[in-house]
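What follows draws every value from the coordinates through simple rules; no lab data is involved. Since the structure is predicted, the reported quantities are computational estimates derived from the model, not experimental observations. No Cβ is skipped: glycine too gets one built from the backbone with ideal geometry, and neighbour counts run over all protein chains shown.
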Amino acid sequence: MKNKERQKQYLRTWIEINKQALKNNLISFRNLIGPKCLLMAVVKSNAYGHSLIDFSRLAEDFGIDWFGVDSIVEAESLRKAGLKKPILVLGHTLQNKVKDALVNNISLTIGDFSTLKMLKKINKYEYKLKIHIKIDTGMHRQGFVVSEIPEAIKILQSQPSIILEGVYTHFSSAKNPAFPSTTQNQIEEFKKAISLFKSSGFKGFIKHAAATSGTIIFPQSHFDLVRVGIGLYGLWPSKETKEAFKDKIKIEPVLSWKTIVDQVKYLPKGSKIGYDLTETLSRPSKVAILPIGYWHGFPRLLSSIGKALINSTEVKILGRVSMDITSVDITDIKNVKLGDEVVLIGKSGKSEVSVDDMAYLADTINYEIVTRLNPLIKRIVV
């Protein structure tokens, strides 16, 4: 028995990471951006639920140029796991963690004056800190607005222990190609910021702006590097992007989520199912009990409306999704037994339950579905 199949024998639920799908997605984005543009894999939030370490190891093996994470904790985890590629922390870094960035060759995002001035304290260390200045071009979260850049430059010029490695921004609404004006305006604002740094004597810094949707829709936003998150996982940033570009760039889901049948029971018509008895069976029914629930990342909003796959057949969620248990209707499927595989996300034969399907039924976005998958669930690379 192969090792991966042996692992599954001891698991009630597991997530599979398809390394060939990741490789194909990476190649698709490489072809899109061309040989002169660097490609960053955004692996924050446990690599969008795909396993920070496992996914990043694969991406590094396949030739990724950079990693983007949210926190210094994630960045240190990558270094401890032996990852060598440059890492940029996209989120805020606490003052007491700056030394860890220096020691581990981790680049930090700086987007406010308090943090920038605080960096004067690193002069006592033997290393120089690499930073990327975040520019607020219209999203109004992190970053210096363009009018603040001259003052930020003065502070940078007074701190010899800092290396300006990059300057970047983030688009607020680049996901719909039918409405490009906001993103185009942000690109122009970003160019103003770049000019200010260049005219002040800064050279050779990495300029970057595009995440997945910007990379696909706005080639003029590629600059020196693109930060691709959701697209590397084989998911589209929006339905509008997918409809407009599905024939121009091919991506495929990397993640599948599976569980098992842990009990089969027969219930008469009129039986009520689960907490609060919210669903009444309209016929004599055969019900499968699954050992997963909202603690694992299966949304409670899918109570009575969600679906899964057993033996290539779609089955409906019955009643409330509980913390650790969910029931499904298997009345119309023959020979379902204890231990049978159940697909929660992914394919079974010709049938599929996609992340987008789940997100639609739960009234959310695919980003939320995958990032909420419990990190304690075993990830298996296949």
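Given the Cα-Cα distance of Ser172 and Leu376 and 0.36 nm per residue of separation, how much length would full extension add, in nm?
Working: separation 204, 0.36 × 204 = 73.44 nm, distance 3.20 nm.
Gain on extension, Ser172 to Leu376, equals 70.2 nm.
Using R₀ = 45 Å, calculate the FRET efficiency as 1/(1 + (r/R₀)^6) where r is the Cβ-Cβ separation of Glu189 and Ser304; round to 0.05. Present the calculation step by step, with values, prior to reporting the outcome.
On the way: r = 47 Å, r/R0 = 1.05.
Approximately 0.45, to the nearest 0.05.
To make sure I understand, if each residue's beta carbon is the centre and we count other beta carbons within 10 Å, what order do Ser147, Ser271 fall in, fewest to most?
Numbers: Ser147 8, Ser271 16.
Lowest count first: Ser147, Ser271.
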Distance-filtered residues of region 41-57 - backbone nitrogen under 14 Å, label point 7 angstrom along Gln7 Cα→Cβ: 50-57
Can you figure out the FRET efficiency of Ile289 with Lys36, using R₀ = 45 Å and their beta-carbon distance, to the nearest 0.05? 0.25
May I ask you to compute the full-extension gain from Lys80 to Ala244, defined as 0.36 nm times their residue separation minus their alpha-carbon distance, rounded to one decimal in nm? 55.0 nm
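Over all directions, how big on average is the projection of the convex hull of the alpha-carbon atoms in region 1-90, in square nanometres?
Details: hull surface 27.5 nm².
Hull-based average projected area comes out at 6.9 nm².
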Per DSSP H run of at least 4 residues, take -39500 (n - 2.57); add these up for the chain, divide by its residues and hand me the 222 nm value, nearest 500 deg cm²/dmol. -8000 deg cm²/dmol
So in the chain, what percent of DSSP beta bridges are antiparallel if you round to the nearest 5? 50 percent
If neighbour count is taken as other Cβ atoms inside 10 Å, put Ser172, Ser213, Ser114 in order from fewest to most. Ser114, Ser172, Ser213
Comparing Ile216, Ile149, Ile17 in a Gaussian network model of the chain (Cα, 10 Å), the one with the largest mean-square fluctuation is Ile149
I need the helices of the chain that pass two filters: whole DSSP H segments spanning 18 Å or more by Cα along the axis, and mean Kyte-Doolittle score no lower than -0.5. 19-33
Please list 3J(HN,Hα) in residue order for region 37-42, calculated via the Karplus relation 6.51 cos²θ - 1.76 cosθ + 1.60 where θ = phi - 60°; whole Hz, with x for glycine and proline. 9, 7, 10, 9, 8, 7
Among Ile325, Phe179, Phe202 - extreme Cα towards positive end, dipole of the chain, charges at beta-carbon: Phe202
Kindly give the semi-axes, whole Å and largest first, of the ellipsoid equivalent to region 19-243, taking each as the square root of 5 times a Cα gyration tensor eigenvalue. 27, 23, 14
For a quick check, take a GNM of the chain with Cα springs below 10 Å and name the residue from Pro219, Pro291, Pro299 with the largest mean-square fluctuation. Pro219
Charge dipole magnitude, Cβ of K and R +1, D and E -1 - the chain, Cα centre, debye nearest 20: 760 debye
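Given a cut-off of 27 Å, what percent of all Cα-Cα pairs of region 255-381 lie beyond it?
Working: 969 of 8001 pairs.
Taking all Cα-Cα pairs of region 255-381, the fraction more than 27 Å apart is 12 percent.
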Among Ala244, Ala362, Ala21, which one shows the biggest mean-square fluctuation in a GNM of the chain, springs joining Cα atoms closer than 10 Å? Ala244
At q = 0.06, 0.08, 0.09, 0.12 Å⁻¹, the log10 of I(q)/I(0) for the chain from a Debye sum over equal Cα scatterers comes to -0.29, -0.49, -0.60, -0.94
Extended-chain gain in nm, criterion 0.36 nm per residue less alpha-carbon gap, Lys334 and Ser161: 55.4 nm
Length-normalised contact order of region 169-246, Cα under 8 Å, at least 6 apart, in percent, tallies to 32 percent
Ordering of 327-339, 88-100 by packing [mean C-beta count within 10 Å, highest first]: 88-100, 327-339
For region 255-381, calculate the relative contact order in percent as a whole number, restricting contacts to Cα pairs under 8 Å that are 6 or more residues apart. 27 percent
Percent relative contact order for the chain, counting Cα pairs under 8 Å at least six residues apart, stands at 18 percent
Please give the charge dipole size of region 19-243, origin at the Cα centre, charges +1 on K and R Cβ atoms and -1 on D and E Cβ atoms. Round to the nearest 20 debye. 440 debye
Dipole-positive endmost among Ile53, Val315, Phe218 within the chain (Cβ charges, Cα centre): Ile53
Net charge around Ser213, counting only other residues with Cβ within less than 14 Å of its Cβ (Lys, Arg = +1; Asp, Glu = -1)? +4
